[in-house]
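See structure below.
The values are calculated or read from the model by the stated rules, or taken from the named source; none is laboratory data. Because the structure is a prediction, the values reported are computed rather than measured. We place every Cβ from the backbone using ideal geometry, glycine too, and count neighbours over all the protein chains shown. Side chains are part of the model used for accessible areas, which takes the heavy atoms of the whole protein and leaves out ligands, DNA and RNA. Shrake-Rupley method; radii C 1.70, N 1.55, O 1.52, S 1.80 Å.
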Amino acid sequence: MYINLSGLNILVTGASRGIGKALATKLAEAGATIAIHYNKNVQEAENLAHILGNESKAFQADFSKSDDAIKLFERVSLEMGSIEIVINNAGLAISADANIGDEEWVESWDKVMMVNLSAAAIICKKAIQHFISRRASGRIINVASRAAFRGEEADHMAYAASKAGLVSLTKTIARSHGKDGIKAFTIAPGFVRTDMSQEFVQKYGENHVKGDLALERLTEPKDIAPLVTFIASGMADHATGAIFDINAGSYLH
């Protein structure tokens, strides 16, 4: 199936590596111009923008600071003129066992919630305003996790809770703003072979991670990108509010 996204500006958060990089690459191959958000990986982001072409650009923001999320959206919309699709992919997982000190535990909880949920909510809020002010349709795709539904290991409690919040946020947007022309979708991967998941794999072992898969290998970023590109095309708009599981059969609703 040929998908043409030419003329569309797409903001992808956490796009310098992992899932975000795979999404940005596939979307650009379909013709889209990508706003590549990154936090620290400036060289990787700028190199990716060069490779993708289509006038794609890299934009820095630290999502542990609420102001950065606001400023990011404003910079992207100003420099690109418009944003048609937002993909909230940036995420953070911090191991925090219940046995650690209260102050350290709360600090890690707050940071994970800020990056995974609050920053995404801010970007969604700004996107809704942007779409409505332009009287244009728009799509929001939020990358959550199977952890939102089945939970996670105890030391990643904040991660699971933040992703559950992201699912509810997405459903609320879909229900509340469909008649404004705004569609919202959730992608819920299981374990994906990325730098971020490597710490968990090293701690618990690959056999533990692969133990409940129905398929032979871990999901990779390239396995997620085609579905996101399809959703971005508009051909799945009547699935607004839906959750798309990509977890190698490790969690089935």
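Before moving on, here are some points about what is shown:
- Residues within the stretch 1-37 that are part of a loop (DSSP other than H, G, I, E, B) and buried (at least 24 other Cβ atoms within 10 Å of the Cβ), tallied: 5
- Residue within the stretch 40-48 that is buried (at least 20 other Cβ atoms within 10 Å of the Cβ) and under 18 Å from G138 (Cβ atoms) present: no
- If the condition is being over 17 Å from the mean Cα position of the chain (by Cα) and of a type outside the set (A, V, I, L, M, F, W, C), then the stretch 71-91 contributes K71, E74, R75, S77, E79, G81, S82.
- All positions within the stretch 128-149 that are assigned to a helix (DSSP H, G or I) and in contact with a Gly (Cβ under 9 Å, 6 or more places away or on another chain): I128, H130, F131, I132, A147, A148
- The set of residues from the stretch 92-129 being more than 12 Å from V12 (Cα to Cα) and of a type in the set (G, A, S) comprises A93, S95, A96, A98, G101, S108, S118, A119, A121, A127.
- Residues of the stretch 122-133 that are surrounded by fewer than 18 Cβ atoms within 10 Å (Cβ to Cβ) and more than 18 Å from G234 (Cα to Cα): K125, Q129, S133.
- Remark: pairs (first residue in the stretch 1-12, touching a residue at least 60 places away in the same chain (Cβ under 8 Å); second residue open to solvent by 40 Å² or more (accessible area, probe 1.4 Å); Cβ separation under 7 Å; 6+ apart in sequence or on different chains) = I3/F230.
- I51 falls short on exactly one of the conditions (1) in contact with a Phe, Trp or Tyr (Cβ under 6 Å, 6 or more places away or on another chain); (2) part of a helix (DSSP H, G or I), and that condition is (1).
- If the condition is being hydroxyl-bearing (S, T, Y), touching a helix residue (DSSP H, G or I) at 6+ places or on another chain (Cβ under 6 Å) and more than 23 Å from I231 (Cβ to Cβ), then the stretch 46-88 contributes only S64.
- Some residue of the stretch 179-187 being under 23 Å from T229 (Cα atoms), open to solvent by 10 Å² or more (accessible area, probe 1.4 Å), of a type outside the set (K, R) and not in a helix (DSSP H, G or I): yes
- Counted residues, the stretch 134-172 - those being aliphatic (A, V, I, L, M), crowded, with 17+ Cβ neighbours inside 10 Å and touching an Asp or Glu at 6+ places or on another chain (Cβ under 8 Å): 1
- Residues (β-branched (V, I, T) and modelled with pLDDT under 85) located in the stretch 171-226: T194, V201, V209
- Taking the criterion of being in a helix (DSSP H, G or I), out of contact with any Leu (no Cβ under 9 Å at 6 or more places or on another chain) and not aliphatic (A, V, I, L, M), the residues of the stretch 95-118 that qualify are D102, E103, E104, W105, E107, S108, W109, D110, S118.
- Any chance R175 is open to solvent by 10 Å² or more (accessible area, probe 1.4 Å) and in a loop (DSSP other than H, G, I, E, B): no
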